[in-house]
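This report concerns only the one structure given below.
The values are calculated or read from the model by the stated rules, or taken from the named source; none is laboratory data. None of these values were measured; they are calculated from a predicted model. Don't worry about glycine lacking a Cβ; one is built from the backbone with ideal geometry, like all the others, and counts go over all protein chains shown. Note: accessible area is taken over every heavy atom of the protein model, side chains too, but ligands, DNA and RNA are not part of it. Shrake-Rupley method; radii C 1.70, N 1.55, O 1.52, S 1.80 Å.
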Amino acid sequence: MKGLFNLREIPIVKINEIVSEALSFKKGEKSVSYLDKKMATLFFENSTRTHYSFIAAMLNLNITPVQVNLEGSSMKKGESLYDTIKMFECAGYDGVVVRHTKDNYYSELTGINMPIFNGGDGISDHPTQTLLDLTTIYEEFGYFKGLKICIIGDISHSRVAHGDAEIMKRLGMKVSICGPQEFLDDTAPSMSPDEAVKESDIIMLLRVQFERHEKNMGLSLTEYHQKFGLTKSRALKMNEGAIIMHPAPLNRGVEIANEVVECKKSRIFAQMTNGVFTRMAVIYMVLEGML
Ligand code: ASP
């Protein structure tokens, strides 16, 4: 299948190439135009950043974006995901971006010849988020090997934590996790929030993903903020040169204090900007057969 599904089988040289193409687009060193192409976006789960930065990336590449209104699609009449996506291929679309609640939804799509870009599947992967995180880290530090990152929050329900940790370990970064016991899994060794802020080059915060929970969280939001949030006082204990990241959406006052969101160490909004250039790089490399 053509496109981008997860990063597990993508060699490190290619990952570095995507980051470097993204930064070339960002610096204006590269411009590409696909005036005759059109791509569709199918989001079966809510999205602001991924959806609209994919659209911005398409517009920057002169690709015509088409946002599919799933409420008005024939899936409501029982059509399968495969048949729905096959229709876009038959109608001459040059690619689709799909976000789905189901892990590995794309395993049902073998037989589709048009590129598919995974905009996030269940709790498994969110490859363009992971790549934009890498672009942001590389832009900041200029290397990956040896950097220490601690991902703090609802790890077990997070496709960002799972996808990021896998490739970061392959890149030689030291990954650890932190959060309430009920949200920890075997993604990486865990540490306390106070150790995390002292030891890390990167603190990555995650939202508590209530929509994926089967039972209520054991802590109130205020307790969560005190115990695991990046409070102002914890942020002040971070190393010089260390940065704060978050895939967003943010819950200010829960996983991150309002005053910390735009502090000097925060790269949260830079991640959103880099998301557009990273998605441009991914679309370009897939359309050119480089990925
Ligand atoms: N936007 C990210 C995702 O789609 C993170 C989140 O929703 O918390 O997984």
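Summarise the accessible area of segment 1-65 (1.4 Å probe, protein heavy atoms) by the percent that is carbon and sulfur.
Whole-percent figure for carbon plus sulfur exposure: 49.
Quick check: at a probe of 1.4 Å, how many percent of the accessible area of segment 77-145 sits on carbon and sulfur atoms? Solvent-exposed carbon and sulfur of segment 77-145 make up 51 percent of the total. By the Stokes-Einstein formula, at 0.692 mPa s and 37 °C, the chain with its Kirkwood radius over alpha-carbon pairs has D equal to 168 µm²/s. For residue 104 and residue 62, the difference between the fully extended length at 0.36 nm per residue and the C-alpha to C-alpha distance is 12.1 nm. Give me the one-decimal nm value for the distance between modelled label points at residue 215 and residue 20, 7 Å along each residue's Cα-to-Cβ direction. About 5.0 nm, to one decimal.
Taking label positions 7 Å along the Cα-Cβ direction at both residue 288 and residue 75, the computed distance is 3.2 nm, reported to one decimal.
Computed with a 1.4 Å probe over protein heavy atoms only, the accessible surface of segment 50-168 comes to 35 Å² per residue. Of all DSSP beta bridges confined to the chain, the antiparallel ones make up roughly 5%.
Modelled spin-label separation between residue 237 and residue 91, with each label point placed 7 Å from Cα along the Cα-to-Cβ direction: 5.5 nm.
So between residue 185 and residue 198, what do we pick up on full extension, going 0.36 nm a residue minus the alpha carbon distance?
Values: separation 13, 0.36 × 13 = 4.68 nm, distance 2.23 nm.
Computed gain between residue 185 and residue 198 is 2.4 nm.
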